[in-house]
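Visitor: Handing you a structure now.
Nothing in this text is a laboratory measurement; each read-out follows from the coordinates by a stated rule. Because the structure is a prediction, the values reported are computed rather than measured. FYI the Cβ positions are ideal-geometry reconstructions off the backbone, even for glycines, and counts take in every protein chain you see.
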Amino acid sequence: MNKNSVFVLDKNKKQCNPVHPAAARKLLTEGKAAVFRQYPFTIILKDESTDEIKQLRIKIDPGAKTTGLAIVSDTNIVWCAELGHRGFQVRDNLSDRRIKRRSRRSRKTRYRKPRFLNRKRPQAWLPPSSMSRVFNIQSWVKKLCRLAPTTSISMELVRFDMQKMVNPEINGVEYQRGELFGYEVREYLLEKFNRTCVYCNSKDGPFNLDHFHPKSKGGSDQVSNLVLSCVKCNQAKDNQLPADFLSDRPKLLAMIDKQRKQPLADAAAVNATRWKLKEILKTTGLPVEIGSGGLTKFNRKHLGISKSHWTDAACVGKSTPETLNIRGYQPLLIKAMGYSFRQMVKSDKYGFPRGAPKLRQKSFFGFQTGDMVKAVVPKGKYAGTHTGRIAVRKKVSQMTIKSSRKLRSKSVRQMLNWAHYRFELFLKHKAAEYNKIVLDVSEAYTSKTVSWTGEILNNLGGKKVVTGNDGFRLDRDLNGARGILIKSVVEKFSTTLGDTPSVS
Ligand SMILES: [Zn+2]
């Protein structure tokens, strides 16, 4: 059983040969090394290493959702991983922001001149969702180069090697007629004709590659003379000329004739993100080998390896060895989580601010959101040992804690959101609706005065409970409210009633 190797650095942080986990465990228990990094697991030796360094190659199969990574020595896989991207999440976040900005603009800045056609994008600009994928891969390649003695990089650049298909001179007849040529052409035609029989539109395979102009009647082996056909149609056509076979369907004949001559659109076969990645990988200074998707598939079938992201990565490029031992390997699963947000306050689905602004401070006690930690909690609800990713949170305001409030949750939310003045207007409106009176009073001394004895507490401070000199205790807010009521009633009505009303 093979396992992902453990990366090893020596005393001077020089990259050494990665070792089997058992060897790493031995080094650690003997005290010859210490843990340097948890993800990916790396140890640091306490001495200098004089071992001969094996040359390693990082191989990459970039994908939209997942990228396969593999580090390969001459015949062995040393380490493998699958890197999950957040490209679609980035795209969704940005379109979400765009909608909110547009809506805010129509509400608040109508008088400004529209400003949307004066932007210029730099050359070779790629959308942030694509760049996110490129940067994910770049940061892992950099990381791996720091931890393992890497001397070269391979990546899958294009899906089909079109140049080799139309110009057989480039790699000689052998390439064109070989098994690999078959793979490349087959994959290309499947894509070009959308996995559909050109004659009957059937999507059920298996498909044959049909020479449109039969070979026996002078048709060439050029890719433009090949079309995708189901076995039935191919047999029915036999060695007839297309004009004879499709004599009753001239429209179809013209369509196929046009389609077979058109090369697959560049956009479908070549991916801008991959070209960008190639440029960025070149900046590492290591030689970058490129391969096509057809070659990857050929290598993988040749080695008898099943398909997954990381096995595809291991089979990228011409440098792939004749034999490759992949038994028992399990990839390290990596998920891109993003750095943080530029947004200072989160917003609800309408784009209104929600909650408190985020803190400017990012790290607390040496930790920040996203750090992998081991927490030992000695007692309480969460007692035990936990390992995982931490999230830094600000303590929730005491005001809205559920158990200690009496108002309906809707009113609480409104009180917290509304300015005092707006709440007052709302209250007066509601009072008129129910035929009640709202008195505007000053709240001076209502907190400090004990409402049933009249004494003034100068040492109240932040206490939650008011205690009178008779020993009776009352909640601070209730006492305040009662005080406000008595005070206002006395001030407003004592002149007309002539006596202090009693309130209990
Ligand atoms: Zn057919």
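Visitor: Treating cross-link reach as a plain straight distance, find the aspartates and glutamates whose alpha-carbon is under 18 Å from the alpha-carbon of LYS192, omitting any fewer than eight places away in the same chain.
Guide: Answer for LYS192, where 18 Å is the Cα cut-off: ASP161, GLU184, ASP204, ASP210, ASP221, ASP257, ASP266, listed by chain and number.
Visitor: I want to check the label-to-label distance for TRP275 and HIS386. Put each point 7 Å from Cα in the C-beta direction and report it in nm to one decimal.
Guide: 4.8
Visitor: Please compute the Kirkwood hydrodynamic radius over the range 1-53, one decimal place, Å, based on all pairs of different Cα atoms.
Guide: Hydrodynamic radius (Kirkwood, Cα only) of the range 1-53 equals 10.9 Å.
Visitor: Could you order the peptides 459-465, 346-352, 41-47 from most to least packed, using the average number of other C-beta atoms within 10 Å per residue? Each step should come with its number before you reach the end.
Guide: Working: 459-465: 9.0, 346-352: 11.7, 41-47: 16.6.
Descending packing order for the listed peptides: 41-47, 346-352, 459-465.
Visitor: Another question, then. I'd like the FRET efficiency for ALA124 and LYS428, computed as 1/(1 + (r/R0)^6) with the beta carbon distance as r and R0 of 51 Å, rounded to 0.05.
Guide: Working: r = 62 Å, r/R0 = 1.21.
Between ALA124 and LYS428 the formula returns 0.25.
Visitor: Taking every pair of distinct Cα atoms and averaging 1/r, then inverting, what Kirkwood hydrodynamic radius in Å comes out for the range 206-245?
Guide: Working: mean 1/r = 0.0993 Å⁻¹.
One over the average 1/r among Cα pairs gives 10.1 Å for the range 206-245.
Visitor: On a straight-distance basis, which lysines could pair with LYS428 in a cross-link, Cα separation under 21 angstrom, same-chain partners fewer than 8 positions away excluded?
Guide: Straight-distance partners of LYS428: LYS406, LYS410, LYS436, LYS487, LYS492.
Visitor: How many angstrom lie between the C-alpha centres of the range 199-258 and the range 1-69?
Guide: Going from one Cα centre to the other spans 55 Å.
Visitor: Using packing as a proxy for protection, rank 209-222, 26-39, 359-372 so that the peptide with the highest average count of other Cβ atoms within 10 Å comes first. Intermediate results must be reported in sequence, preceding the final value.
Guide: Working: 209-222: 14.5, 26-39: 12.9, 359-372: 10.6.
Ranked from most to least packed, the peptides come out as 209-222, 26-39, 359-372.
Visitor: Something else: Tell me which of TYR39, PRO18, SER49 sits at the most positive position along the dipole axis of the range 1-53, charges placed on C-beta atoms (Lys, Arg +1; Asp, Glu -1).
Guide: After comparing all options, I get TYR39.
Visitor: Suppose every Lys and Arg Cβ carries +1 and every Asp and Glu Cβ carries -1, with no other charges. What dipole size does the range 1-53 come out with about its Cα centre, to the nearest 20 debye? All intermediate terms of the calculation are to be shown ahead of the outcome.
Guide: On the way: 9 positive and 6 negative charges, 51 e Å.
Charge dipole of the range 1-53: 240 debye, to the nearest 20.
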